[in-house]
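Participant: Supplied in C-alpha cells, the structure appears directly below.
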Amino acid sequence: MDLSGAEIVVQCLKDEGVEYIFGYPGGAVLHIYDALFKQDDVKHILVRHEQGATHAADGYARSTGKPGVVLVTSGPGATNAVTGIATAYMDSIPLVVLTGQVPLPVIGSDAFQEADIVGITRPCVKHNFLVKDVTKLAETIKKAFYIATTGRPGPVLVDIPKDITDPRIKVPYEYPRSVSIRSYNPHLKGHRWQIKKAADLLLSARRPMIYSGGGVILGNAAEQLTELTRLLNFPITNTLMGLGGYPATDRQFVGMLGMHGTYEANMAMHDCDVLLAVGARFDDRVTGKIKEFCPGAKIIHIDIDPASISKTVRVDIPIVGEVGGVLADLIEVLRASERQQDRDALSAWWDQIDRWRSMECLRYDRNSTLIKPQFVVEQLYEATGGKAYVTSDVGQHQMWAAQFYHFDYPRRWINSGGLGTMGFGLPAAIGVKLAHPEAEVACITGEASIQMCIQELATALQYRTPIKIVNLNNGYMGMVRQWQEFSYESRYSHSYLETIPDFVKLAEAYGHVGLRIEKPAEVRPALEEALRLKDRTVFLDFQTDPTENVYPMIEAGKAHHEMRLAPGVAAERELA
Amino acid sequence: MRHIISILIENESGALSRVAGLFSARGYNIESLTVAPTEDASLSRMTVVTSGSDEIIEQITKQLNKLIDVVKLIDISESSHIERELMLIKVRALDGAREEIVRLADIFRGKIIDVTPSSYVIEVTGEKSKLDAFVQTLPTDAIIEVVRSGTTGILRGERGLHV
C-alpha cells in the first residue's frame, strides 16, 4: 500500500495500537493533522499548551504501562514539550514524542519556527531521531516505540521535517513487525550465581530491610515483590516513585523513606545489616548524606540499568536484569534453600521497628480550627476507599499525598519524582482519566503548582474527563516557605503568592464546579459532594493552615538517623 | 588515572554530539577525542582519553554503553595496548638553528614534511609523552604552531574491537 509520510505517521500509530495521542497543531505538522482528520481509530486530545500534552501522555503511560504518544509542531511547539520530556526521562516513563520540523532543505537556515529539537532534547531523551527519508519513516517510528518501552523505559523523540509528510509523495508502506538494533539489547535476565549469593545473604540477615523503587512499578513486579517480602517476613520501605509496589496498609510496610520518609523507615535503613534494593536508584532525596548511608549494611541491588549499579552507593551484590524475572528467580532459590533464617534476630528487629513506629512520626494537630492539609489527604483516602488514581504536583502537598494516601496498588500514584515538575498534576490526571474512565482520579495540588498548567482545565472539559482537583491552598509555595523557615531564618523571599485567583470562579469560568472549603468540618462533606458529581470536574479549594510543615524531615546533608521530627513528636521523644 | 576508551559507534549524524554531550552533562573529563569511519562504513571508531577514579571510569563506560548508538566499547588502557598520536609542528628555522632542529627531529623519528627558508613542518607520531617531550625539547621561541590529533589506540595481540 502506498502512503504519504503523513499517512504513514497515522498508520504507524494505528498499527502500534495507539489509543490516544496528545498534541497541538502547527505549521510543520499540518499534513499529519490532515491525515488524522480522515480517520477515527487514533483519538487526538487537543491540549492547551504542549507541556500539558507531554504530561497527559505521561500520566496515561504511568497508569497503564503503555507508551504515551505526543504530537507537536516545530520550534516553540517542540521546545514547550521539553519540560514534559525531561520529566518522563527522569522517571523512566515510555513516551514517543513526534515533533514537526521545518522542511529538510531549510534546516539550519534559522527558518520560521525552526529549533534544533534533536540537539535540545539529546540530554533528556532515551534516544531521538531526525527522519531524513520518507522510506525510513515507518521503521524509525517502530524503533521509537521499541526503544521507549523496553529495557529501562524512557522518552524517544522523532523529529519529522514537513517535506517528509508531503501528501503528494507516496511510498510503499509496511509496518515492521519487529525491529532489532545491534547496539541495543534490552532484555536481561539476572545472573543465576548472583541471585544465589543474594539469597544466601538475605537468609543470613539479622536486621534486614527491603527498599524498592519505581522500577518495581515500571517492571510490573509488585506481585513478585510482595511475595518475596512476605516469604522472608522482612520490613519494606518504598521510595516516592515506588509507592504502591507493596501494599501500604500491610504490617510489613514501614512507610516511605528519605527526606520526608517515616522515622521507622529511615531508622531501619540506618541500622539494617542487609539491604535489598529493588528497582531503585539511590537518589539523593532517598540516601541523605551518602557517607552515612546504611553504614553497617551489605547491599544487594537489582536493577535493569547497569549504570544505576554503584552510581552513588557501592553495592556488594549487583544483579542486572528485569526486576520481575529476577525476583521470581530469587523466590525460587529461597524456597529451595535449606538455610534457615535467624528467627530470634528477626523478631528482635521487628520489636525495634515497632518501637520506632510507636512514635507515630506523622502525627499532626487534629484539634486545630484550621484545615490541616494532612487531614484533607486522609479524608480523600477514606472517601475514595484508597482506590483512586492520585496525581500530584510538586511541593508540600506532594509529600502529604505520599505520606497519607496509602497506596495498596501499583500505578495509582502518579507524580513527578525525579525532575520535580510543578504543573504536572492536572494534565497527568487527564491522561489517567482517559485511560481509566471508570476509576476515580484525583489531583492533589497546591495553589502555586496548579497555576503552572491551569489552562488544561479547558482540555478536561472538552474531553469530559471528570477529575477531582484537591487544592491544598496555603497561600505560599509551601515547600519553599518551609525551607526558608528552617534554613533562612524565616525570610520568605518571594514564596508568598499575593494575588491568588478565585479558584471557584476560575473553575466555573472553565465550565467546571468550584468549591471553597474553609473549615475542617466541611472537608469530608465537600469531598463526598465532589465524588457524587461523577461526570463533573470539581475544583476543591481547601484553605489550609499556612504554617504547616512537612515532617519528619532529613535536612539536606544529614543522614537517615538525624531526622527532624514534628515539634510535638520531638518533645515526646525527649521525655521518653 | 588516565584511561583510553575505544568506542564503536553507529556512523550517524549526531553520534559524536551524543558522546561529547554525555561527558559535558555529567561533568566527566575529556583529554582528547578522535573519531573517524572504520572499514565498515556504517561504523565510526572513537577514542576518548579521560581521567577519573575507578568509580568514575566505571560510570563513564556504563553511561556510554547506554547510548543507543554505541555498539561496543572497551577501555584499552586496562590491557596491553599501543597508543599513538600524530603531531604536526611548525617551527621557525633560521641559519644555525636549522641543523639543530633536523637533529632533534631525527632523535624523535620525526619527518620534515615542509621546508621554507625560514621554517620547517615536522611530523612526529608516538605516545602522548613522547610528543610532549619533543615539544619541550624545542626552543619555545621556535614554535610557530602545534597541531595534535589526540590519542588513538589499539589492543596488542589478536583480540580486537569489532562487531
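The values are calculated or read from the model by the stated rules, or taken from the named source; none is laboratory data. A quick note: this is a predicted structure, and the numbers were derived from the prediction, not measured. Cβ coordinates were reconstructed from backbone atoms using ideal geometry, including for glycine residues, and neighbour counts include every protein chain displayed. Areas reflect the complete protein model, heavy atoms only, side chains present, ligands, DNA and RNA absent. Shrake-Rupley method; radii C 1.70, N 1.55, O 1.52, S 1.80 Å.
Participant: Where the second residue is part of a loop (DSSP other than H, G, I, E, B) and open to solvent by less than 70 Å² (accessible area, probe 1.4 Å) and the first is facing chain B (nearest Cβ under 9 Å) and lies in segment A:298-316, which pairs have Cβ atoms under 6 Å and are six or more apart or on separate chains?
Facilitator: Listed by first residue and then by second, the contacts come to A:Asp305/A:Arg152; A:Ser308/A:Arg281.
Participant: Starting from segment B:37-55, keep only residues that are farther than 29 Å from B:Ser129 by Cα, then list their pairs with residues that are open to solvent by less than 50 Å² (accessible area, probe 1.4 Å) whose Cβ atoms are within a distance under 6 Å, requiring at least 6 positions of separation or different chains.
Facilitator: Final answer for the pair search is B:Leu43/B:Leu8.
Participant: Kindly state which strands (runs of 3 or more DSSP E) lie completely within segment B:1-55 and contain at least 3 residues that are farther than 23 Å from A:Ser310 by Cα and within 14 Å of chain A (Cβ to nearest Cβ).
Facilitator: By residue number, B:2-10, B:43-51.
Participant: Based on what the data block shows, is B:Leu73 more than 9 Å from every other protein chain (Cβ to nearest Cβ), buried (at least 16 other Cβ atoms within 10 Å of the Cβ), touching a helix residue (DSSP H, G or I) at 6+ places or on another chain (Cβ under 8 Å) and over 20 Å from A:Lys311 (Cβ atoms)?
Facilitator: It is false that B:Leu73 is more than 9 Å from every other protein chain (Cβ to nearest Cβ), buried (at least 16 other Cβ atoms within 10 Å of the Cβ), touching a helix residue (DSSP H, G or I) at 6+ places or on another chain (Cβ under 8 Å) and over 20 Å from A:Lys311 (Cβ atoms).
Participant: Now a separate question. So, A:Arg524, is that one open to solvent by 40 Å² or more (accessible area, probe 1.4 Å), basic (Lys, Arg) and in contact with a helix residue (DSSP H, G or I) (Cβ under 7 Å, 6 or more places away or on another chain) or not?
Facilitator: Here the answer is yes, as A:Arg524 does meet what is asked.
Participant: Criterion first (closer than 30 Å to A:Asp2 by Cβ and touching a Leu at 6+ places or on another chain (Cβ under 7 Å)) does A:Asp133 satisfy it?
Facilitator: Against the criterion (closer than 30 Å to A:Asp2 by Cβ and touching a Leu at 6+ places or on another chain (Cβ under 7 Å)), A:Asp133 does not qualify.
Participant: Which of the residues belonging to segment A:367-409 are over 21 Å from the mean Cα position of the chain (by Cα), part of a loop (DSSP other than H, G, I, E, B) and under 17 Å from A:Val550 (Cβ atoms)?
Facilitator: Those that are over 21 Å from the mean Cα position of the chain (by Cα), part of a loop (DSSP other than H, G, I, E, B) and under 17 Å from A:Val550 (Cβ atoms): A:Ser368, A:Leu370, A:Lys372.
Participant: Tell me, which helices (runs of 4 or more DSSP H) wholly within segment A:33-124 include 3 or more residues that are in contact with a Phe, Trp or Tyr (Cβ under 7 Å, 6 or more places away or on another chain) and within 23 Å of A:Thr421 (Cα to Cα)?
Facilitator: Here the list reads A:50-64.
Participant: Over 22 Å from A:His187 (Cβ atoms), among the small types (Gly, Ala, Ser) and surrounded by 13 or more Cβ atoms within 10 Å (Cβ to Cβ): which single residue out of A:Ala307, A:Ala345, A:Ala328, A:Ala336 fits that description?
Facilitator: Criteria check complete, one pass: A:Ala345.
Participant: Among what's in segment A:410-445 and is open to solvent by 10 Å² or more (accessible area, probe 1.4 Å) and not in a loop (DSSP other than H, G, I, E, B), pick the residue that is farthest from A:Tyr60 (Cα to Cα).
Facilitator: Only one residue fits best here, namely A:Trp413.
Participant: Additional query: Is there any pair linking a residue in segment A:132-144 that is touching a residue at least 40 places away in the same chain (Cβ under 8 Å) to one that is among the small types (Gly, Ala, Ser), with Cβ under 9 Å and at least six apart or on different chains, and which?
Facilitator: A:Val134/A:Ser4; A:Val134/A:Gly5; A:Leu137/A:Gly5; A:Lys142/A:Ser178
Participant: Also, I was wondering about something else. Taking B:Ile30 and the conditions (1) more than 18 Å from B:Gly153 (Cα to Cα); (2) open to solvent by 40 Å² or more (accessible area, probe 1.4 Å); (3) not hydroxyl-bearing (Ser, Thr, Tyr), which numbered condition does it fall short on, given that it satisfies the others?
Facilitator: With respect to (1) more than 18 Å from B:Gly153 (Cα to Cα); (2) open to solvent by 40 Å² or more (accessible area, probe 1.4 Å); (3) not hydroxyl-bearing (Ser, Thr, Tyr), B:Ile30 is out only on (1).
Participant: Also, quick follow-up: Of all strands (runs of 3 or more DSSP E) completely enclosed by segment A:263-350, which ones contain at least 2 residues that are modelled with pLDDT of 95 or more and not β-branched (Val, Ile, Thr)?
Facilitator: Counting at least 2 such residues, we get A:274-278, A:298-303.
Participant: Here are B:Arg84, B:Arg109: which of them is in contact with a Gly (Cβ under 9 Å, 6 or more places away or on another chain), assigned to a strand (DSSP E or B) and surrounded by fewer than 17 Cβ atoms within 10 Å (Cβ to Cβ)?
Facilitator: Unique residue meeting the criteria: B:Arg84.
Participant: Of the conditions (1) exposed (fewer than 14 other Cβ atoms within 10 Å of the Cβ); (2) more than 14 Å from chain B (Cβ to nearest Cβ), A:Lys289 satisfies every one except a single condition; which number is it?
Facilitator: Going through (1) exposed (fewer than 14 other Cβ atoms within 10 Å of the Cβ); (2) more than 14 Å from chain B (Cβ to nearest Cβ) one by one, A:Lys289 breaks only (1).
Participant: Filter segment A:165-208 for residues that are within 14 Å of another protein chain (Cβ to nearest Cβ) and free of Cβ contacts under 8 Å to residues at least 12 places away in the same chain; which is farthest from the chain's Cα centre (by Cα)?
Facilitator: A:Arg182
Participant: Follow-up question, since we're still on this one. How many residues does segment A:84-116 hold that are open to solvent by less than 60 Å² (accessible area, probe 1.4 Å) and closer than 30 Å to A:Arg411 by Cα?
Facilitator: Of the residues in segment A:84-116, 14 are open to solvent by less than 60 Å² (accessible area, probe 1.4 Å) and closer than 30 Å to A:Arg411 by Cα.
Participant: May I ask you to list the residues in segment A:125-157 that are in a loop (DSSP other than H, G, I, E, B), open to solvent by 30 Å² or more (accessible area, probe 1.4 Å) and either touching a strand residue (DSSP E or B) at 6+ places or on another chain (Cβ under 7 Å) or more than 10 Å from chain B (Cβ to nearest Cβ) (or both)?
Facilitator: A:Lys126, A:Asp133, listed by residue number.
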